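Novice: Sharing a structure with you now.
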């Protein structure tokens, strides 16, 4: 929605956790800034006028750095976060705070588990090698987990309910582990688990900085227009 607007210079900053990010119609920057102070320096050097934090809702450190950098530089900031999923009739959610708690929630008896977390969130499963894991991620898990039973699926969503149900049935999945990412692209696994009457161990979202926030892209664009107009009026 912003790329066609010639009056704006847009930079999309990615953390670099995905090895082959999808191409975008705006300038892209990959890699960290060196914390809040580094981001604040970048904002000053590049004369950034507004900051939209559209990172993953579980990237709490990035969001905290963005909020702090905006405060240090005095530029307006907005958080754009997808609405959380909410359990509906038929869902069997077990909500936990972190991956260690997720592993404990599986139990000690061996189970077939579908794990749909980021690659950097997998180390806790090393302590529960009795389970049969199916790990789905965008990029390969390298090195693989040192557990005897693990299957790795590298795929980028969106995934339909039918596709995820077929995956669960193929691997005799008994438990699904997921983050509450929100949105439609990865909801198929939640709907499939409901249809198969499977429990979902759901990682709660972390607490994020208290900054203005919206859930829809259209609202973020409207906020940006207002923020830039206010900056112009102040002569910034």
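Novice: Would segment 36-52 turn up any residue that is touching a strand residue (DSSP E or B) at 6+ places or on another chain (Cβ under 6 Å) and either within 22 Å of residue 210 (Cα to Cα) or exposed (fewer than 13 other Cβ atoms within 10 Å of the Cβ) (or both)? Explain how you work it out, then say what you get.
Specialist: Filtering segment 36-52 down to residues touching a strand residue (DSSP E or B) at 6+ places or on another chain (Cβ under 6 Å) leaves 51-52.
Filter once more, so that each one left must be either within 22 Å of residue 210 (Cα to Cα) or exposed (fewer than 13 other Cβ atoms within 10 Å of the Cβ) (or both): 51-52.
The answer is yes; a qualifying residue exists.
Novice: Right, something else. Would you be able to tell me the number of residues in segment 10-28 that are in contact with a helix residue (DSSP H, G or I) (Cβ under 9 Å, 6 or more places away or on another chain) and surrounded by fewer than 13 Cβ atoms within 10 Å (Cβ to Cβ)?
Specialist: Residues that pass the stated criteria total 1.
Novice: So, one more: Looking only at segment 128-150, which residues are surrounded by fewer than 17 Cβ atoms within 10 Å (Cβ to Cβ) and within 20 Å of residue 188 (Cα to Cα)?
Specialist: 138, 139
Novice: Identify, by number, the condition in (1) in contact with a strand residue (DSSP E or B) (Cβ under 9 Å, 6 or more places away or on another chain); (2) touching a residue at least 40 places away in the same chain (Cβ under 8 Å) that residue 82 doesn't meet.
Specialist: For residue 82, the failing item is (1).
Novice: Tally time: how many residues in segment 171-197 are touching a residue at least 40 places away in the same chain (Cβ under 8 Å) and either touching a strand residue (DSSP E or B) at 6+ places or on another chain (Cβ under 6 Å) or crowded, with 17+ Cβ neighbours inside 10 Å (or both)?
Specialist: Count: 18.
Novice: Go through (1) crowded, with 17+ Cβ neighbours inside 10 Å; (2) outside any loop (DSSP other than H, G, I, E, B) one by one and return the number of the condition residue 100 breaks.
Specialist: (1)
Novice: For residues in segment 158-173 being part of a loop (DSSP other than H, G, I, E, B) and in contact with a helix residue (DSSP H, G or I) (Cβ under 8 Å, 6 or more places away or on another chain), which is nearest to residue 192 (Cα to Cα)? Write out each step before concluding.
Specialist: Residues of segment 158-173 that are part of a loop (DSSP other than H, G, I, E, B), as a first pass: 158-160, 171-173.
Among the residues that remain, those that are also in contact with a helix residue (DSSP H, G or I) (Cβ under 8 Å, 6 or more places away or on another chain) are: 158-160, 173.
Values: 158: 14, 159: 11, 160: 9, 173: 11 Å.
It comes out as 160.
Novice: Just to be sure I understand, how many residues within segment 103-127 are under 22 Å from residue 169 (Cβ atoms) and loosely packed, with under 15 Cβ neighbours inside 10 Å?
Specialist: Adding up the residues that qualify gives 3.
Novice: A further question on this structure: Under the condition of being in a loop (DSSP other than H, G, I, E, B) and touching a helix residue (DSSP H, G or I) at 6+ places or on another chain (Cβ under 8 Å), which residue from segment 115-132 is nearest to residue 144 (Cα to Cα)?
Specialist: For segment 115-132, the residue satisfying everything is 122.
Novice: Follow-up. Restricting segment 53-65 to residues that are touching a strand residue (DSSP E or B) at 6+ places or on another chain (Cβ under 7 Å) and outside any helix (DSSP H, G or I), which is surrounded by the fewest Cβ atoms within 10 Å (Cβ to Cβ)?
Specialist: Of all residues in segment 53-65, those touching a strand residue (DSSP E or B) at 6+ places or on another chain (Cβ under 7 Å) come to 53-54, 58, 63.
Filter again for outside any helix (DSSP H, G or I), leaving 53-54, 58.
On the way: 53: 22, 54: 15, 58: 19.
Among those residues, the one meeting the criterion is 54.
Novice: Also, I was wondering about something else. Do we have residue 78 as at pLDDT 90 or above, assigned to a strand (DSSP E or B) and under 18 Å from residue 208 (Cβ atoms) here?
Specialist: So residue 78 passes the test.
Novice: Looking at (1) crowded, with 17+ Cβ neighbours inside 10 Å; (2) modelled with pLDDT of 95 or more; (3) touching a strand residue (DSSP E or B) at 6+ places or on another chain (Cβ under 9 Å), can you tell me which one residue 68 breaks?
Specialist: Single failed check for residue 68: (3).
The values are calculated or read from the model by the stated rules, or taken from the named source; none is laboratory data. From a predicted model like this one, the values you see are computed outputs, not experimental measurements. Ideal geometry is used to build each Cβ from the backbone, glycine not excepted, and the neighbour counts take in all protein chains shown.
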